[in-house]
Amino acid sequence: MRKDVRILLVGEPKVGKTSLIMSLVSEEFPDEVPLRAEEITIPADVTPERVPTHIVDYSEAEQSDEQLYQEISKANVICIVYSVNNKKSIEKVTSHWIPLINDRTDKDSRVPLILVGNKSDLVEHSSMETILPIMNQYSEIETCVECSAKNLKNISELFYYAQKAVLHPTGPLYCPEEKEMKPSCIKALTRIFKISDLDNDGVLNDNELNFFQRTCFNMPLAPQALEDVKNVVRRNMTDGVKDNGLTLKGFLFLHTLFIQRGRHETTWTVLRRFGYDDDLELTQEYLFPLLKIPPDCTTELNHNAYLFLQSVFDKHDKDRDCALSPDELKDLFKVFPYMPWGPDVNNTVCTNEQGWITYQGYLSQWTLTTYLDVQRCLEYLGYLGYSIIHEQESQAAAITVTRNKRIDLQKKQTQRSVFRCNVLGARGSGKSGFLQAFLGRNVTRQKKIRDDHKSYYAISTTYVYGQEKYLLLHEVLPVFEVLSEADLACDVVCLVYDISNPRSFEYCAKAYKKYFMDSKTPCMMIAAKSDLHEVRQHYSLSPLDFCRRHKLHPPQQFTCNSADAPSKDIYTKLTTMAMYPHMTQTDLKNSTFWLRASVGATVFAVLGFAMYKALLKQR
């Protein structure tokens, strides 16, 4: 909501603009009225909406046209004052003042107008018959108030309506000519309905309505009040209530009713609670809350965020097959202004045999987004309503900023859950196959991937000593001379060469010597396509001798040309190296060390799967 409101009073001379302001301030009619009142500011604590309000007077005798134009451009709302006993001042509203104001304001964001009929104490009749056609003609007119500065009639109401026209404007919500809500308002309220429909059954049941009421207005509805609301909807439409719950049509009808009855503030309170600004766009403050990330720190989702994302998955996995079909995924993202996940995501995370993103793949993609682009993750969580559903100040509460990696090295332990492995190698060495094998895809499945759906990332879980960790693989393009800091910043490096190509290893050797030989980043050499015949590499040292000289683990044999899903042992080793970078290569060569890590992984994977199936049965 706006931090302050600026009200400008205009109109013909002698209609009582200055008297209205002075009567409001002194609560009595002034004996002497100056040509123009000084600008006054009403503090927030004495206004109904708790917003500081500036009231500005205009005097034709004291001010130039240029000064008037400047005041019009600064005003949030303009009160056009006329005298109810002066027909000429009423005629000037349409012949002079409204055209003048409209000429000085942008057509797409017209300033709201209030028509003010002053001096009602001098007549017995009302001017409303004359004013109503004007109100119908100009949509920017919010309302009309008849008042009297002399006997203080409707003075405070006048300025309250002016405030309300700024803070709770009708324009963005409702089209009076059509007598229906505007498309942008319907779109915003539809998103709010979908977020509030926690079980995604298309109706708001009593529990969901109460949660919505408490979220927006800090109080639940009594059972009888809930029934009264539903009865109002039942009396006016046949499909507004279903299974004793409020449908989307019923929800939209209620808000239309609020607006038609002048209770715009109710709808605006709801819209603002869900992050919308005066133009019915989600605010930058809502989508991108402040989150400080010091250098050498990474970002991860915390436990509450994963619980929330799990509930979102459950809400949309209608057939309970632990995967999101294209229709289910589309339904999940209906609260977004665009589709955030493209076809490349299906080749970044685990999918089922139909190519649909699994529960594990879904959480993996969120983990990847949080790690690589935390601002985008905050935006996405904002669209899903994380801060509202979890009753947090903002979605920044979903993020854990890890401690500096240097502290991890000093303490020889880490609290992180996500580790990045950059995969380097010459063109055709098998990098893409290595990424896809991590997702359980052999060569046969990989051949079905379209070039335009390819991903340079792959992320899934591994288990080290019984702990579930995420390993994020990133395929670095083989442009040797221009590797950026982002290409080099990681927890472990994977250097891939094709054993059947005599020129493949040279790239790995040069990359290691140029970028990683003097770094503390652990490296692993991968002898890819090990199902093919191995040839002698055209390099001064064989891959094994090179690894021995530089105290690296011997090249790891790897192939994804198998009938079953490729083995994941090598990815467990990479994760372990990333978790324990302080360990020497001698430690890592120790077979007992790998055995302890991988046995723990196998046991935990089996137990983890059993626990997940048990959870599914509960769901």
Q: Return the residue satisfying two criteria in turn: it lies in region 556-581 and is at pLDDT below 90 and over 17 Å from Cys421 (Cβ atoms), and of such residues it is least open to solvent (accessible area, probe 1.4 Å).
A: Ser562
Q.
Contact list please: Cβ distance under 9 Å, first residue in region 137-161 and in contact (Cβ under 8 Å) with a residue 40 or more places away in the chain and closer than 22 Å to Lys14 by Cα, second residue surrounded by fewer than 20 Cβ atoms within 10 Å (Cβ to Cβ) and of a type in the set (Lys, Arg), pairs at least six apart or on different chains.
A. Glu146/Lys153; Cys147/Lys153
Q.
Checking the structure you have, find out if any residue of region 165-174 is surrounded by fewer than 21 Cβ atoms within 10 Å (Cβ to Cβ) and more than 41 Å from the chain's Cα centre (by Cα).
A. no
Q: Select from region 467-490 the residues that are among the charged types (D, E, K, R), open to solvent by 60 Å² or more (accessible area, probe 1.4 Å) and either under 22 Å from Gly428 (Cβ atoms) or free of Cβ contacts under 8 Å to residues at least 24 places away in the same chain (or both) and list them in ascending order.
A: Glu481, Glu485
Q. In this structure, does Arg234 turn out to be touching a Gly at 6+ places or on another chain (Cβ under 7 Å), farther than 30 Å from Tyr338 by Cβ and in a helix (DSSP H, G or I)?
A. yes
Q) Just checking, how many residues over region 175-200 are open to solvent by less than 20 Å² (accessible area, probe 1.4 Å), hydrophobic (A, V, I, L, M, F, W, C) and free of Cβ contacts under 8 Å to residues at least 60 places away in the same chain? A) 1
Q. For the subset of region 6-37 comprising residues that are in contact with a strand residue (DSSP E or B) (Cβ under 8 Å, 6 or more places away or on another chain) and open to solvent by 60 Å² or more (accessible area, probe 1.4 Å), which member is modelled with the lowest pLDDT?
A. Val25
Q. Only one residue in Phe313, Phe288 is among the hydrophobic types (A, V, I, L, M, F, W, C) and open to solvent by 50 Å² or more (accessible area, probe 1.4 Å), so which one is that?
A. Phe288
(Q) Looking at Thr584 and the list (1) open to solvent by 50 Å² or more (accessible area, probe 1.4 Å); (2) at pLDDT 55 or above, which single condition is not satisfied? (A) (2)
Q: State yes or no: is Lys405 touching a residue at least 12 places away in the same chain (Cβ under 8 Å), more than 23 Å from the chain's Cα centre (by Cα) and open to solvent by 30 Å² or more (accessible area, probe 1.4 Å)?
A: yes
Q) Is one or more of the residues making up region 331-346 outside any loop (DSSP other than H, G, I, E, B), free of Cβ contacts under 8 Å to residues at least 12 places away in the same chain, more than 25 Å from Arg420 (Cβ to Cβ) and open to solvent by 20 Å² or more (accessible area, probe 1.4 Å)? A) no
Q: Working only within region 237-258, note down all residues that are over 28 Å from the mean Cα position of the chain (by Cα) and assigned to a helix (DSSP H, G or I).
A: Leu257
Q. Looking at (1) within 18 Å of the chain's Cα centre (by Cα); (2) modelled with pLDDT under 95, can you tell me which one Gln354 breaks?
A. (1)
Q: Test each condition in (1) part of a helix (DSSP H, G or I); (2) out of contact with any His (no Cβ under 8 Å at 6 or more places or on another chain) for Glu391 and report the one that comes out false.
A: (1)
Q.
Could you tell me how many of the residues in region 242-274 are more than 17 Å from Arg191 (Cβ to Cβ), in contact (Cβ under 8 Å) with a residue 24 or more places away in the chain and of a type in the set (A, V, I, L, M, F, W, C)?
A. 2
Q) Looking at region 38-82, which of the residues that are more than 24 Å from His168 (Cβ to Cβ) and hydrophobic (A, V, I, L, M, F, W, C) is surrounded by the most Cβ atoms within 10 Å (Cβ to Cβ)? A) Leu68
Q: Test each condition in (1) part of a helix (DSSP H, G or I); (2) out of contact with any helix residue (DSSP H, G or I) (no Cβ under 8 Å at 6 or more places or on another chain); (3) of a type in the set (Ser, Thr, Tyr) for Tyr362 and report the one that comes out false.
A: (2)
Q.
Please go through region 451-469 and give me each residue that is assigned to a helix (DSSP H, G or I) and touching an Asp or Glu at 6+ places or on another chain (Cβ under 9 Å), ordered by number.
A. Asp452, His453
(Q) Every residue in region 259-281 that is outside any loop (DSSP other than H, G, I, E, B) and surrounded by 19 or more Cβ atoms within 10 Å (Cβ to Cβ), please. (A) Ile259, His264, Thr267, Trp268, Val270, Leu271, Tyr276
Q) Just wondering, is there one or more residues in region 232-240 that are among the β-branched types (Val, Ile, Thr), over 25 Å from Lys334 (Cβ atoms) and touching a helix residue (DSSP H, G or I) at 6+ places or on another chain (Cβ under 9 Å)? A) yes
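Conditions tested, residue by residue: (1) free of Cβ contacts under 8 Å to residues at least 40 places away in the same chain; (2) crowded, with 21+ Cβ neighbours inside 10 Å.
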| site | (1), (2) |
| --- | --- |
| Thr462 | no, yes |
| Val492 | no, yes |
| Glu506 | no, no |
| Ser519 | yes, no |
| Leu532 | yes, no |
| Val535 | yes, no |
| Pro554 | yes, no |
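The values are calculated or read from the model by the stated rules, or taken from the named source; none is laboratory data. Model, not experiment: these values are computed from the prediction. For neighbour counting, all protein chains shown are included, and Cβ atoms are generated from backbone atoms with ideal geometry for every residue, glycine included. Side chains are part of the model used for accessible areas, which takes the heavy atoms of the whole protein and leaves out ligands, DNA and RNA. Shrake-Rupley method; radii C 1.70, N 1.55, O 1.52, S 1.80 Å.
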